[in-house]
Structure formats: C-alpha cells, structure tokens
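These notes are about the structure you will find just below.
The values are calculated or read from the model by the stated rules, or taken from the named source; none is laboratory data. In this text the structure is predicted, and so the values were computed from the model without any measurement. Cβ coordinates were reconstructed from backbone atoms using ideal geometry, including for glycine residues, and neighbour counts include every protein chain displayed. Ligands, DNA and RNA are excluded from the accessible area calculation, which covers all protein heavy atoms including side chains. Shrake-Rupley method; radii C 1.70, N 1.55, O 1.52, S 1.80 Å.
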Number of protein chains: 2
Amino acid sequence: MHNFKQINPPHRLLMGPGPINADPRVLRAMSTQLVGQYDPSMTHYMNEVMQLYRALFQTENRWTMLIDGTSRAGIEALLVSSIQPGDRVLVPVFGRFGQLLCEIARRCRAEVHTIEVPWGEVFDPQQVEDAIIKVRPKLLLTVQGDTSTTMLQPLQELGEICRRHDVLLYTDTTASFGGNELKVDEWKIDAVSAGLQKCLAGPSGSSPITLNARFEDVIRRRKCVEEGIRTDDHIQGDDEFIYSNYFDLGMIMDYWGPERLNHHTEATTMLFGARECARIILQEGLTQTIERHALHGNALLAGIQHMGLNTFGNLEHRMNNVLGVEIPESIHGEQVRQMLLNDFSIEIGTSFGPLQGKIWRIGTMGYNARKDCVLQTLTALEAVLNRLGFCTKQGEAMQAAWNIYASAGEGVNS
Amino acid sequence: MHNFKQINPPHRLLMGPGPINADPRVLRAMSTQLVGQYDPSMTHYMNEVMQLYRALFQTENRWTMLIDGTSRAGIEALLVSSIQPGDRVLVPVFGRFGQLLCEIARRCRAEVHTIEVPWGEVFDPQQVEDAIIKVRPKLLLTVQGDTSTTMLQPLQELGEICRRHDVLLYTDTTASFGGNELKVDEWKIDAVSAGLQKCLAGPSGSSPITLNARFEDVIRRRKCVEEGIRTDDHIQGDDEFIYSNYFDLGMIMDYWGPERLNHHTEATTMLFGARECARIILQEGLTQTIERHALHGNALLAGIQHMGLNTFGNLEHRMNNVLGVEIPESIHGEQVRQMLLNDFSIEIGTSFGPLQGKIWRIGTMGYNARKDCVLQTLTALEAVLNRLGFCTKQGEAMQAAWNIYASAGEGVNS
C-alpha cells in the first residue's frame, strides 16, 4: 500500500472534443493555498468570479456563479430547480447532448417533448416556434454546441420566440462557451450553464451558470431554507419544493449572495481555477478569444479537407472549436487513434451512438487553440494515414492550413 | 475588466472545523497537467483511487470511488440512489449535520423519522435499536462526527443492529474521516461518504464514497442507462428510476467499472488531489494518522482546560480533530475570532443554531494536526483573551499542552 508513486501522467496533446490540456496558468492558480470559506478574501474572490463570468456570458444577471460539480451538475441544478413534476418541456434534439437534456428532464419528472433533425444539422427557428405552439411547454431546453455532432445551434432568434409564447429558455453551452459567440442578455436566454474543460482551458469539475430574473422568480417560489440554519426571517416559497438539496439554486443563491447562508463548502481550488480561466480570456479579450478559436478551427478544416478527408455535418453551422471528420472506408478509426496516442502522444476523439466508428472529432480549443497544436496534429494524422495506406497529396494539407494563417495576417514564420 | 489580479490570498492558519490548509503535496499534485478521460493513465489512476480509498475506509467494497462535488454531493448521491419516494428512514439527530440528512432525505421524498439527544451528547445503541423496532425504516442515516457539536457517534454496534432488523446503514463521515477510527466492513456499515477538506488535508470538491453489495443491490434495481449511450445489452431495473442523473450511482458505477460507460467527465484535477490525500495518509500509515489526530487533539484540550476555559459536550465522545470551547460570559466570541484573524492570521470557528455565539470550534486536523499549529493557536488565543480582560494563569495552558507532547514521547525540544 506504500507503493503508490507520485502522480506523473504521460505528456499528452489533447486534440479531442475536450477535456483538453489546461492552461498552465490555471493549474498554477489551483496550487494556491486555501483560505476559510467565509474569509473576507474568499468572499471577495467569489464576488470577483461573479463579475468575471458576467463578462464571459455577456450578461448583467446578478446570479452568475459556479455549481460545484462537472458540467452536467450545472445542467441538473438549473433543470431540477425550475422543473416541477408534470411540467412540459420541449427539447430540440440534434445530438447526444440534446438526449441528455431529455434524460435529465425526465429525472425531474417533466413531460418531455422532442423535435429532431438528422445528426449533422441544426434547427431552423421556425421549426422550434411551430413546436412551441403545439406543445406549449414551460421550458425550452437547448444545446448550443453539441459536441457529439460538432454542430452549433443558432440561438439569436430563440429568445424572442420564447418570450412571445411565455416559455423559459435554457441553453447548455458546455462545449461552445468561450469559443463561439454567446450573448445571453441580447439573445434573451433565461438560463445558461457551461463548463471549464473545453474552450476555457481549465479542468472539469466546476460549472459556471447564469440565470435572469424570470428564471429566478420560478426558483424563489420553490424556496426552502434547510432546518439547521432556518430562522423566522426566512420566507418559504409557495410552490412544491425542489427535489434536491445540493442543486437547490435558491439555497445556492443565498450562499453566493450577501446573506452567505451556509450550504455546501465551496470547492475553493476549483473556484481559484475557474477565476483564472475567466481572467485569462478577459486579458486576451473575449472577442479575440472567439476569433482565435475561429482561426485555428479554419486552419484545421482547410488541412483536413486538403488531406482528402470528408468532414461531417453542415459546415455552415459547425462549432469553431471541434470538427467532425469522416473515417475513410479503408481505415480503422480506432487504429488511427491508437497510433496517434502511442506514437505522437496526441489524442483525438471518437463519437457516440450512430456516429461511433463513423467519425473522429478533432478539437482546437482553449489552451490548444494554437498554431503549433493544429500543425502538429495535421502532420501526425497525415503520417499515420499514409502508414495505413491512405494516400494524400504530399504537402497539400499543410500548405492549406498555412495559407489560412497567412491570410489571417499570421506569416509562415510568425 | 483587465484589472483582476493574479490570485494571491493572505496566508491563513486554518484552525476551525474545516476546511483547513491543504497539504502542499496535495496542491502540487493538483497542478499536474491533464490527460484525456479515457487515457490509459487516467483509468489507471481511477483504479488506484479505488484501491487507496478502500484502504482508508478499511473495506473490500468494490464500489469505492469519488463523487464529483463537495461532501454533500456524496451524501445526496447515496441517499437519492437508495431512497424511493415513501421509503421510511430513521435519523438519530445529535447536531446540524443530522438535520442535514433529514433535509436531504425529505428532498428524496422519504418519510423521515428522527430521534434526538441534546447537542453535546451521542446515542446509546439501545436507543437506536428501540427506534428501529418502532419505526421499521428501510435505512438508518447517521453522522459519525457532527462538527456542529464536535461529538463522535460510536458506530461499532449499529451495523449488527441494522442487519438484525434488515435495515441499511449509511454514515456521513465528512468531518471525522481519516482522523478517527472507521472500520466499514468490520462494523457492517453499508454505505459511507466523506470529504477531503477535513482530516484528509485537501480542498473541498470531491467526495469519496464506498458501498457494499447490499447497498448496490438496491441501486441496481433502479438502474436506467441514459438514452444517448444505451444499447440492447443494457438491462434496465424494475424499480422506480433514480430521480437524478448526476447522482445516479448505477451510472456512476458503470463509469468507474470496466465498461467505462460515459457519464460525467471526471474532474481530473480533483481526482489527482484526492489520490494524493490518500497516498499521503497511507505513507504515514492510517493508524499513525489517527493517532496523530488524537495526540494533537489531546494537547489542544489540555491547553484549553488549563487556560481556564470550559469545553463543550461529552468529552468521552469528542472527535479527535475538533474541540468545542465555551465562550466565557465576559467575552464577545466574534471579537476574539476577529482579533485572531486580523492580528495572528489564525482562523477558528463559530457554530450553528443553538450553539451560535455560545461556543468556538477549534480544529487540529489534516495538515494542521501539528504541534506548531496547536501551540501557536493556544498562545494567540491566550494573548487575545488577556487583552480583552479574561485572566489566565501565566504559562499554565502552554505547560499543559507541552506535557501532553512530553508524555507521548515528544520531548519539549523535539
């Protein structure tokens, strides 16, 4: 039992759909010594985190904070706090993470209605409005970027549609946040959850969320302050209470708010990491960060296309930060992934369900949305494919990628 | 927005009821670069974590793993996965964290029955058995160390009692784990949850749990594999499904088990930290770690008593790692805490509910179960009390603490 060695994983370049390599600055921030959960410096950092994430979500929402858990903890917190048993919800499903929203909503005992498009496509706003008129849901649950298909659902018009029909709009942005445009207030999205392990260049384990006054109102009506800390001043809500303590956003808001009512013990190290993720992006500039994701996504796309590989899905609606690549008929997809991992220490992704074995998913996000990562991945992939007998035209893929960088004003030697 | 500085909290010596300072080795392990969630090195580390925590829990339980969230995430995962709406549970409440178990069980729509003793006391096994016979619960939910009162409930006999009456026994060991004896298999405890931020010398944000075959059986009967990854080979359970996706232990077991069925994306950095917490304890030896907590707890107790302060609760049943100290009549408790924090950078705790303003809670746990921490805290506390007009007999407290160390074979100059 004393033979467990110091942690020392192999070096990997993580070019899959996420998690990806963390920015070393985030890891350094996470090695900061702890302070008490009500230390003035800690509550100050909690307030800073709220400010920083308001900037990333492009919102004025007061309730912008972290859920202590992985991305799906943020999803479940928003869903279980808003859905009462029997509530109707509508989920436009265009990949596995739409299915996940259905799954979580069912656990909240919602009456779940779905509309579907083939994987690789996204919804037209009119399709969504038609379904809303038919179903009359309390909530519309959407995914912005569904990594399973690499598609990005346009959200601009959905907020207005939802307001028109008095529906609450929730969006899961785990895979797209920080690398693709998201304007929470302008687009009238009522609640959003995200994660750190994709474009934010942090580790999984903390889920930034934001919610507006319309969404808060639903939660507050279900408020229930727990017995050990309840006083006569605490007003309990009229509606059925929330069927989770850990994910009860009413209590979580009271913990992040001025009352600082004890709920969980904030995961300090994850909070330090989440703060650094956001700080780094705002130092670069949110617009610049998104443009960087677009640039490296475009370079990867050009390289893949000129390697003679087909991409998956509707390219007009692809995410900046992850690309679906069809596995050629003659090639065994897992063998390529193994060779990339074992011989180059580069990880690319497989996919789920109907796409398993059909496509690879290659990411360029967060700390790995960099030229060296894209070029190394392209050269390694081409070398492996050549080794397995798939012919490419010498040099074309790399030239195409380089050309994208050159046309973006990044010289070949920059 | 670019004015957020690098993280740099003040140095604190955290001598409250936890969180306490993390061991620097844990923080260093957490600054390790990431690997993919299915990388062979990652799944290897997950398996190591299972082994390491089996040793700490003193169990052979296969399902010994981490829940990604704070300690109460571990509690909720075990409760929501086992309790079906309408199930009767019995909770012996001897402090705030017993109340929390009631609260979480109610959220699971259990029929909650309680027995109570005055805060500062624990239960006699016979009281528990009598209540079991009366209530006939499906589960007995207990707290081992309730930090709100600093009491440690003896658990040795409860497992046998529960087996006799076909009741499942769950224990929350968040505050006591690693600093007090806990023999999961020998004591026949069916499920246990813990946290890192107390005697384990890590940050909050990951909850080690263990459960045995009896407990697994209840969970498996409620199994529900989510749509996006379900295949025809997956058997669904007969019982009502679990009302949470994030905390569905059936799916979490499939993720930690050989099938590695995708659920959440494991919080890699927290897992690296949790691994190091356990590794450090096993390097020292679990028995030695518990003895160290007892030694420093005894030294603190001797010092406090010889300062002329009264302790809180039944000392026979106190936890090794945290001591309740009555605030003298003439003294304003919060003023003392403020002076300790501002002038010495030492944090001690207040308490909850009926004990708020009545007692301080002083911890000696994890990385801070050390002689220098105990002696610094005692001298600082005595100095502050003297400053505020509370008389102590010059030198007595320190001599008493030193004597404990001397009698344990630790010389004054060791």
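A compact table of results
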item: Where B:G308 falls short, out of the listed (1) facing chain A (nearest Cβ under 10 Å); (2) surrounded by fewer than 22 Cβ atoms within 10 Å (Cβ to Cβ); result: (1)
item: B:Y38 vs. criteria in contact (Cβ under 8 Å) with a residue 40 or more places away in the chain, part of a helix (DSSP H, G or I) and either within 8 Å of chain A (Cβ to nearest Cβ) or open to solvent by 10 Å² or more (accessible area, probe 1.4 Å) (or both); result: no
item: Selection from the stretch B:109-165 of residues that are within 30 Å of B:I362 (Cβ to Cβ), assigned to a strand (DSSP E or B) and open to solvent by 10 Å² or more (accessible area, probe 1.4 Å); result: B:T114, B:I115, B:E116, B:W119, B:E121, B:L152
item: Subset of the stretch B:90-105 [more than 9 Å from chain A (Cβ to nearest Cβ), assigned to a helix (DSSP H, G or I) and of a type outside the set (G, A, S)]; result: B:L101
item: Residue selected from the stretch A:43-74 under the condition hydrophobic (A, V, I, L, M, F, W, C), facing another protein chain (nearest Cβ under 8 Å) and touching a helix residue (DSSP H, G or I) at 6+ places or on another chain (Cβ under 7 Å), by the criterion least open to solvent (accessible area, probe 1.4 Å); result: A:L52
item: Given (1) open to solvent by less than 10 Å² (accessible area, probe 1.4 Å); (2) in contact (Cβ under 8 Å) with a residue 40 or more places away in the chain, index of the condition A:E186 fails; result: (1)
item: Matching residues, the stretch B:103-138, being within 20 Å of the chain's Cα centre (by Cα) and in contact (Cβ under 8 Å) with a residue 60 or more places away in the chain; result: B:W119, B:G120, B:E121, B:V122
item: Subset of the stretch B:261-275 that is modelled with pLDDT of 95 or more and either open to solvent by 10 Å² or more (accessible area, probe 1.4 Å) or polar (S, T, N, Q) (or both) - its residue that is nearest to A:M30 (Cα to Cα); result: B:T269
item: Hits in the stretch B:22-33 (condition: surrounded by fewer than 24 Cβ atoms within 10 Å (Cβ to Cβ) and facing another protein chain (nearest Cβ under 7 Å)); result: B:L27, B:R28, B:S31, B:T32, B:Q33
item: Output for the stretch A:210-233, where each listed residue is loosely packed, with under 15 Cβ neighbours inside 10 Å and over 21 Å from B:G98 (Cα atoms); result: A:A213, A:D217, A:R221, A:D233
item: Residue within the stretch B:367-381 that is without any contact (Cβ under 8 Å) to a residue 24 or more places away in the chain, under 30 Å from B:V143 (Cα atoms) and open to solvent by 70 Å² or more (accessible area, probe 1.4 Å) present; result: no
item: The stretch B:1-14 - residue that is at the interface with chain A (Cβ under 7 Å from one of its Cβ atoms) and of a type in the set (A, V, I, L, M) and, of those, least open to solvent (accessible area, probe 1.4 Å); result: B:L14
item: Which numbered condition A:P17 fails, given (1) closer than 25 Å to A:N320 by Cα; (2) more than 8 Å from every other protein chain (Cβ to nearest Cβ); (3) open to solvent by less than 10 Å² (accessible area, probe 1.4 Å); result: (3)
item: Breaking point among (1) in a loop (DSSP other than H, G, I, E, B); (2) crowded, with 24+ Cβ neighbours inside 10 Å, for A:L169; result: (1)
item: Test: residue in the stretch A:82-89 that is within 14 Å of chain B (Cβ to nearest Cβ), open to solvent by 20 Å² or more (accessible area, probe 1.4 Å) and of a type in the set (A, V, I, L, M); result: no
